[in-house]
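Structure first, commentary second.
The values are calculated or read from the model by the stated rules, or taken from the named source; none is laboratory data. Please read these numbers as outputs of a predicted model, since none were measured by experiment. Cβ atoms come from the backbone with ideal geometry, glycine included; neighbour counts cover every protein chain shown. Ligands, DNA and RNA are excluded from the accessible area calculation, which covers all protein heavy atoms including side chains. Shrake-Rupley method; radii C 1.70, N 1.55, O 1.52, S 1.80 Å.
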Amino acid sequence: MSLKLTWYGHSAFGLDIDGTNILIDPFLTNNPLAPVSADTLEASYIMLTHAHGDHLGDTVAIAQRTKATVIGNVEVTNWLGKQGIQNVHVLSLGDGFTFPFGQVTYVKAEHGSAFPDGTDGGQACGIILEAQDKRIYFAGDTALFPEMKLIGERKIDLACLPIGGHFTMGPDDALTAIDWIHPQVVFPIHYNTFPDIYQDVAAWARRVNNETSAQAIVVDPGSSFSV
Ligand code: NI
Ligand code: MN
């Protein structure tokens, strides 16, 4: 049993769950932090939190090449269908589904969602993944919202939270989110990609370790860690 995560910068992850490759929000081509190009990544599944260009990223090209199943809400999967991506799986908020690699539940995010061409992307989401006896919360792009306390009742092992500010929670609200979610481990995302979201991540990680019950993990883009 193993669950390995590789961070590609911003909100983009590659997961290896016992040999199944899953990408989340695969934004690589225009991502200055991306350590690899999109055409090197393998995927059986791609999960999208919302339609913004820095999350949709290279989804269409990767899905065309790999034939990966793309998981997203109905607006997202409809738009992908119009781009010729037919291998999709629709999940709505609260709509848990058990895939061969684990259970995926889409939860609320407090954020907008539109495609780069202006098409409405429906509700922006976070994702809770249960696999290999671990529960991981990918918050996506979100402001702080009080129902994070309910997410905390699910016993989250790892929470991936935005800290960049400007478009999402910033460092202070992310600390409040940790108090509400009380994960064992927290991984910061959506920072330092662009000047608007530069943050001192080392200082934030020290605050996490000193002021909350969670442990912060900080890695360089392209690095992997296990839970
Ligand atoms: Ni966004
Ligand atoms: Mn974003």
Taking the chain as the reference, fit the longest principal axis to its C-alpha atoms, fit the long axis of helix 171-181 to the helix C-alpha atoms, and give the angle between the two in degrees, 0 to 90, nearest 10. 90
For the range 93-227, percent of DSSP beta bridges that are antiparallel (nearest 5) comes out at 60
Taking all pairs of different Cα atoms in the range 3-226, averaging 1/r and flipping that mean, what Kirkwood radius in angstroms comes out? 17.1
Name the residues whose placed amide hydrogens come within less than 5 Å of the amide hydrogen of HIS52, ignoring near sequence neighbours (fewer than 5 apart) on the same chain. ALA114
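Run the numbers on the chain and let me know its relative contact order in percent, using alpha-carbon pairs under 8 Å that are six or more apart.
Here the relative contact order equals 18 percent.
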Determine the dipole magnitude for the chain: charges of +1 sit on the beta-carbon of Lys and Arg, -1 on that of Asp and Glu, nothing else is charged, the reference point is the Cα centre, and the result goes in debye to the nearest 20. 380
From most to least accessible, 1.4 Å probe, no ligand or DNA/RNA atoms counted, TRP204, TRP79, TRP180 line up as TRP180, TRP79, TRP204
For THR20, net neighbour charge (Lys/Arg +1, Asp/Glu -1) across residues whose Cβ lies under 12 Å away: -2
Tell me the per residue accessible area of the range 46-197 using a 1.4 Å probe; a whole number in Å² is fine. 38
Put +1 on the Cβ of each Lys and Arg and -1 on the Cβ of each Asp and Glu in the chain; which of GLY14, SER44, VAL60 then has its Cα farthest toward the positive end of the dipole? SER44
If I compute solvent accessible area with a 1.4 Å probe over the protein chains, what percent of it on the chain is carbon and sulfur? 46
Using alpha carbons only, how many angstrom separate the centre of the range 1-41 from the centre of the range 81-133? 17
Calculate, for VAL90 and GLU147, the FRET efficiency according to 1/(1 + (r/R0)^6) with r their C-beta to C-beta distance and R0 22 Å; round to the nearest 0.05. 0.50
Given the options HIS166, LEU3, HIS111, identify the residue whose Cα lies farthest towards the positive end of the charge dipole of the chain (+1 on Cβ of Lys, Arg; -1 on Cβ of Asp, Glu). LEU3
Rounded to whole Hz, the Karplus (6.51, -1.76, 1.60) HN-Hα couplings of the range 79-92, x for glycine and proline: 5, 4, x, 5, 8, x, 8, 9, 8, 10, 9, 7, 10, 9
Which whole-Hz couplings ³J(HN,Hα) result when phi for each residue of the range 182-197 is put into the Karplus expression 6.51 cos²θ - 1.76 cosθ + 1.60, θ = phi - 60°, listed in order with x for Gly and Pro? 5, x, 5, 10, 10, 10, x, 9, 6, 9, 6, 6, 9, x, 4, 10
Within the range 116-141, list the residues whose amide N lies under 17 Å from a label point set 7 Å along Cα→Cβ of GLN83. 116-125
Where both partners of a DSSP beta bridge lie in the range 3-226, what percent of those bridges are antiparallel, to the nearest 5? 60
Which value in nm describes the separation of the simple spin-label points at VAL74 and TYR198, placed 7 Å from the Cα toward the beta carbon? 4.4
How would you rank 188-195, 36-43, highest first, on the average number of other Cβ atoms within 10 Å across their residues? 188-195, 36-43
